[in-house]
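The values are calculated or read from the model by the stated rules, or taken from the named source; none is laboratory data. Since we're looking at a predicted model, the values are computed, not measured. Note: ideal-geometry Cβ built from the backbone for every residue, glycine included; neighbour counts use all protein chains shown. Heavy atoms of the whole protein, side chains included, go into the accessibility calculation; ligands, DNA and RNA do not. Shrake-Rupley method; radii C 1.70, N 1.55, O 1.52, S 1.80 Å.
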Amino acid sequence: MENGLLWEVSIAEFIFVTMILGGGTAWMTGRAVAQTWRTPLQLAGYMLILGLAVRFIHFALFSGTLLSGYYFVVDFIVILLFAFLGMRFTRAGQIATQYSFAFTRSGPFGWRQKSN
């Protein structure tokens, strides 16, 4: 078992559990929070819970440390990034659709005011 700066067991395990499973779930949670017009603070609270679940999967399936504060923070930061990207992507579409008289979508994560 070789610990890295980002992964505890192996890079493949980190990519699979934290980025694919946790990141995918975080992206969908970010979308759901945006669709219900909730706040980023609520999303961060949901990611704390998801971070605990991701840490448990590392422990249960890959013999990681369950109560590792450092790797919990690493997992939390990664899934929080995915969650906020999912929220921003969805919010950009919402703003451009809901307020189409004033805004237009500007890239996948932004919007801009329409020119008169």
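Computed values, structure above
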item	result
Output for segment 59-88, where each listed residue is in contact (Cβ under 8 Å) with a residue 60 or more places away in the chain, of a type outside the set (Val, Ile, Thr) and either touching a Lys or Arg at 6+ places or on another chain (Cβ under 9 Å) or not in a loop (DSSP other than H, G, I, E, B) (or both)	SER68, TYR71, PHE82, GLY86
Hits in segment 54-73 - residues which are over 14 Å from ILE20 (Cα atoms), of a type outside the set (Phe, Trp, Tyr) and surrounded by fewer than 20 Cβ atoms within 10 Å (Cβ to Cβ)	ALA60, LEU61, SER63, THR65, LEU66, LEU67, SER68, GLY69, VAL73
Filtered residues of segment 29-50 (kept if farther than 14 Å from VAL78 by Cα, hydrophobic (A, V, I, L, M, F, W, C) and open to solvent by 80 Å² or more (accessible area, probe 1.4 Å))	TRP37, LEU41
Output for segment 89-116, where each listed residue is of a type outside the set (Gly, Ala, Ser), closer than 19 Å to ARG38 by Cα and free of Cβ contacts under 8 Å to residues at least 24 places away in the same chain	ILE95, THR97, GLN98, TYR99, TRP111
Near pairs, Cβ below 9 angstrom, 6+ apart or cross-chain, from segment 26-40 (within 9 Å of THR90 (Cβ to Cβ) and assigned to a helix (DSSP H, G or I)) to any residue that is of a type in the set (A, V, I, L, M, F, W, C) and open to solvent by 70 Å² or more (accessible area, probe 1.4 Å)	GLY30/PHE84; GLY30/PHE89; ARG31/PHE89; ALA34/PHE89
Segment 89-115 - residue that is in a helix (DSSP H, G or I) and of a type in the set (Val, Ile, Thr) and, of those, modelled with the highest pLDDT	THR90
Flag for LEU81 being open to solvent by less than 70 Å² (accessible area, probe 1.4 Å) and either hydrophobic (A, V, I, L, M, F, W, C) or in contact with a Cys (Cβ under 8 Å, 6 or more places away or on another chain) (or both)	no
